[in-house]
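Please find one structure pasted underneath; my questions will follow.
What follows draws every value from the coordinates through simple rules; no lab data is involved. A quick note: this is a predicted structure, and the numbers were derived from the prediction, not measured. In this analysis, Cβ positions are derived from the backbone assuming ideal geometry, glycine residues included, and neighbour counts consider all displayed protein chains.
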Amino acid sequence: MKLNEIFQNSTCPIYKVINFYDAEKMEDWIVEETDYQLIPESNDELYDAYFVVKGFLIEGSHIEKCFIDVCIPERISEFVFRNKNGNLIIENIVENNLQTIPSVASEQYGDPELYYLKENPKLGIEILKAGKKISANPSAIKEDLAYIWEELGKFRKMKIKNIDEAVNVFHNSAIENVKLFDGRDHKLANKYYRQMKQSFDFLTENNSINKLLPLLDYPNYGVQLWTASFLAKEYKDKVIVILQKIIDLKIPHISFSAEYTLKGILEN
């Protein structure tokens, strides 16, 4: 099935992309229906799998049905697929500051903000609770729920006092997160990701994201990868060079993540 045909089937919530590495652009993707009712946990058969998942696009009080991309094991989403007057429209979620969420929960750990919508956190909670009821292994879903409650203020968040501290927290969290790229402790990896995100948000609010630029040359390719990922919008050309270098080194886990990130940048 071609990607532009996904809106013709109202029953399938999750499609698997079967030519991700061969397609030159997203419009050339070929997808197949799956029986998954939840985003599955990564395993030997599904490692580096790429899915197109039913979701919602939230714009103020308006909720639009759509599809989003989700790759595992990272569980990252960067693009939204919309149906406008019968035409497939592909938009970058981050670059266009869009609010999207999968319509189904995930048994795979990953990006903790995938189900958290600041303007409508209740929607994420409802999706996760529904998924928890049918999941045979709901540990990742419980983790996603815990993150939302944390963001809503149930637990204290890390306090960053100044720019230097923000850079140090980002740097240290990136190092610790990279150590967990093998998937042995998703909960701890998510904690370090949240700390990177909080640090980046602090630097953004203080017009100081340029303070992260030296980390693109730091002698740890995982730190370079995370820094490039966060700086991709503002320093695109420099980030592309860094990511291609990491890809060419063929480092387990890290090079694949770099390839995924680079592909998203080049398609926009």
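Can you compute 3J(HN,Hα) from phi for each residue in region 54-71, using the Karplus curve 6.51 cos²θ - 1.76 cosθ + 1.60 with θ = phi - 60°, rounded to whole Hz and x for Gly and Pro?
Result, rounded to whole Hz: 4, x, 10, 10, 9, 10, x, 8, 8, 10, 10, 6, 7, 10, 10, 8, 9, 10.
Shifting gears a bit: Based on DSSP H runs of at least 4 residues, each adding -39500 (n - 2.57), what is the mean residue ellipticity at 222 nm of the chain after dividing by all its residues, to the nearest 500 deg cm²/dmol?
My calculation for the chain gives -12000 deg cm²/dmol from helical runs alone.
Each label point is 7 Å from the Cα along the Cα-to-Cβ direction; what then is the distance between the points at residue 24 and residue 9, in nm?
Placing both labels 7 Å along Cα→Cβ, they lie 2.7 nm apart.
If you restrict to DSSP beta bridges whose two residues both lie in region 3-151, what percentage is antiparallel, to the nearest 5?
The antiparallel proportion sits near 95 percent.
Next question. What ranking, highest mean first, results for peptides 128-140, 19-31 when packing means the other Cβ atoms within 10 Å averaged over each residue?
128-140, 19-31
Taking θ as phi - 60°, what are the ³J(HN,Hα) couplings along region 39-53 by the Karplus curve (6.51, -1.76, 1.60), each to the nearest whole Hz, with x for Gly and Pro?
4, x, 6, 5, 8, 4, 6, 9, 4, 6, 6, 10, 10, 10, 10
Please turn the phi angles of region 88-100 into ³J(HN,Hα) values with the Karplus equation 6.51 cos²θ - 1.76 cosθ + 1.60 (θ = phi - 60°), one per residue in order, whole Hz, x for glycine and proline.
After applying 6.51 cos²θ - 1.76 cosθ + 1.60, I find 7, 10, 10, 10, 7, 5, 6, 5, 9, 6, 9, 10, 10 Hz.
Another one. Please list, or write none, the aspartates and glutamates whose alpha carbon is within less than 19 Å of the alpha carbon of residue 132, excluding same-chain residues fewer than 8 places away.
Partners within reach: 35, 41, 107, 111, 113, 143, 144, 150.
Just to be sure I follow the rule: in region 164-259, considering lysines 8 or more places apart or on different chains, how many pairs have Cα atoms under 22 Å apart?
Going through region 164-259 pair by pair, I get 18.
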